[in-house]
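Worksheet for the structure shown next.
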Amino acid sequence: MKILVTASEAVPFSKTGGLADVCGALPTELARLGHETSLVLPAHRNSWSCGLPIEPMGIDFIVPIGSKTVTGHLLKSTLPGADVPVYLIQQDHYFDRDELYQSDGSDYIDNCERFVFFSRAVLEAIRLLDLQVDLVHANDWQTALVPAYLKLEYRGIPRYEQIASLYTVHNLAYQGNFWHWDMLLTGLDWKYFNWRQMEFHGNLNLMKTGLVFADAINTVSPTYAQEIQTPEYGCALEGILQHRHNTLSGILNGMDIVHWNPADDPHLASTYNVDTVLENKPICKAALQKVMGLPERADVPLVGFVGRLCEQKGVDLVTKVMQAWAEETDLQWAILGTGDQKFHNQLSTLAEKYPDRVGVKLAFSAALSHQIEAGSDMFMMPSRYEPCGLNQMYSLAYGTVPVVRATGGLADTITNADEQTFTAGTANGFSFREYSEAAFSEALRRACDMYCDKPRWNQLIDTGMRQDWSWAASAKQYVKLYEATVARKNQAIHA
Ligand code: ADP
């Protein structure tokens, strides 16, 4: 099949979150499976420091933006590994900026215009590059207009007529919601500005637009695909998601097994694999205790956390439970993250008050994130919602037992340890359902109890380390979804 993946960011060209990991890894896996794959991205300022050559192609084009036209240029690079061609859309006024979407914490005021331009440019690139495409795979609100333009503006044009579209939601909370006059920028008829299509409480909503016009939609875990059809998780879009449930599915993201491999991780005090974990992981634990300023003790359980310090990640539960436990329980905590100021303050206070039990680093550090995954005994993710989540997969690979809230991708990857799952050999962590301090505490308590039962604890470690969460399986599921979407599209055309 011929697949064109498009997104606003992809590793190694640009990254603010998990979207970039997916869009950097998936095209390579698709190409390895024998599919002709290309990737189209904006040429952000930081793309130039990706370490790969980026060449101008000498192809300029113009697209309409409201009542004006804007010129763009095509650049070319290649994803290493399977030689996937990457086309970058250069438009310096829109993309030659310090950050991708915001400055000093506020969104750029022309974000709608920037991604209207980019979405139109993606479709123009198909013609300019003479690409034969079976399916365009668009991701998140920034490229949500691509399926809409395909259906509304490019309908009937031979090269485009056959192209099916898939739209993937990586996080439903970020919707690309803009004031209604931005509708003029899209060039689409006002008749589409209605509550069934592009309008959302008086605003233009790009996420909704993608959900409405794509031939198929999916999200990054099966459980999140179910959850977003409910008012609790649907971010007020559950109606449209329920309406489209026949074409909505969930595919777990894979993890990067090259950079996250304890047997070959340059950040660790000692590398290890499933056969050497029991001897060598304690070396990583002692090194982590040292880095975090905690007493170097082998006997005390060490609980890690890495992530954005925000409500989504359940950091309010983390700080409450730490406060309650630090007073009386012999347990150590290693926290790495940045985010909301209130959590910075609460965590700093805890670290000052309980220096022997709480280690906190308010920073972004790849090295330390690897050291926490390797050196901790448990890893906590009490997320309010979690579309997929990667850290729990890293934890499993590193023999660190996850303690998670059973939501989204966490529910799909972590099997709670109980008599039944132990007997079945599937137990790999601990989970709880209710979003409450009591439920989280209870799950941690169960984990701590089992930590003292070494044969069982070691079985949990062994099960997690032997599981395969790599992209290989997920990419095959994407291929199936692409094939089904293309087949349905062809049927509709020839009906
Ligand atoms: P999300 O995309 O919602 O932030 P994920 O678990 O899917 O959450 O991915 C987050 C990624 O960012 C993980 O690889 C995690 O290790 C990394 N990360 C988050 N915060 C930090 C930090 N402060 N330092 C290093 N890595 C971090």
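The values are calculated or read from the model by the stated rules, or taken from the named source; none is laboratory data. From a predicted model like this one, the values you see are computed outputs, not experimental measurements. So basically every Cβ, Gly included, is an ideal-geometry build from the backbone, and we count neighbours across all protein chains shown. Heads up: the accessible areas ignore ligands, DNA and RNA and are worked out on the full protein's heavy atoms, side chains in. Shrake-Rupley method; radii C 1.70, N 1.55, O 1.52, S 1.80 Å.
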By my count, helices (runs of 4 or more DSSP H) wholly in the range 198-309 with at least 2 residues that are of a type in the set (K, R) and modelled with pLDDT of 95 or more are 277-291
Would you check if there is a residue in the range 142-157 being within 16 Å of the ligand (Cβ to nearest atom) and in contact with a helix residue (DSSP H, G or I) (Cβ under 9 Å, 6 or more places away or on another chain)?
yes
Quick check on A173: is it touching a residue at least 24 places away in the same chain (Cβ under 8 Å) and open to solvent by 10 Å² or more (accessible area, probe 1.4 Å)?
yes
The condition of being surrounded by fewer than 22 Cβ atoms within 10 Å (Cβ to Cβ) and either outside any strand (DSSP E or B) or not assigned by TED's automatic domain parsing to the domain that holds Q312 (or both) holds, among L481, L396, L460, only for L481
Could you please let me know if L74 is without any contact (Cβ under 8 Å) to a residue 60 or more places away in the chain and open to solvent by less than 60 Å² (accessible area, probe 1.4 Å)? yes
Looking across the range 34-71 at residues that are crowded, with 22+ Cβ neighbours inside 10 Å and not polar (S, T, N, Q), the single one that is nearest to R127 (Cα to Cα) is V40
Apart from one, (1) out of contact with any Cys (no Cβ under 6 Å at 6 or more places or on another chain); (2) surrounded by fewer than 21 Cβ atoms within 10 Å (Cβ to Cβ); (3) outside any loop (DSSP other than H, G, I, E, B) all hold for D182; the odd one out is (1)
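Looking at N253, N261, N246 in this structure, which one is surrounded by fewer than 18 Cβ atoms within 10 Å (Cβ to Cβ), touching a residue at least 24 places away in the same chain (Cβ under 8 Å) and of a type outside the set (A, V, I, L, M, F, W, C)? Don't jump to the end; show me each part of the working.
Working: N253 fails: surrounded by fewer than 18 Cβ atoms within 10 Å (Cβ to Cβ); N246 fails: touching a residue at least 24 places away in the same chain (Cβ under 8 Å).
Answer to the check: N261.
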Inside the range 10-45, the number of residues satisfying the requirement of being in a loop (DSSP other than H, G, I, E, B) and away from the ligand (no atom under 13 Å from the Cβ) is 9
The condition of being open to solvent by 60 Å² or more (accessible area, probe 1.4 Å), of a type outside the set (S, T, N, Q) and over 23 Å from Q392 (Cα atoms) holds, among E279, E327, only for E327
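Yes/no matrix, rows are residues, columns are (1) open to solvent by 20 Å² or more (accessible area, probe 1.4 Å); (2) in contact (Cβ under 8 Å) with a residue 40 or more places away in the chain; (3) in contact with a strand residue (DSSP E or B) (Cβ under 7 Å, 6 or more places away or on another chain):
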position	(1), (2), (3)
E124	yes, yes, yes
Q132	yes, yes, yes
A148	no, yes, no
G156	yes, no, no
L166	no, yes, yes
G187	yes, yes, yes
K191	yes, no, no
W195	yes, no, no
Subset of the range 188-214, residues touching a Pro at 6+ places or on another chain (Cβ under 7 Å) and not small (G, A, S), comes to F213
Quick count over the range 366-393, residues being open to solvent by less than 10 Å² (accessible area, probe 1.4 Å) and more than 9 Å from the ligand (Cβ to nearest atom), is 7
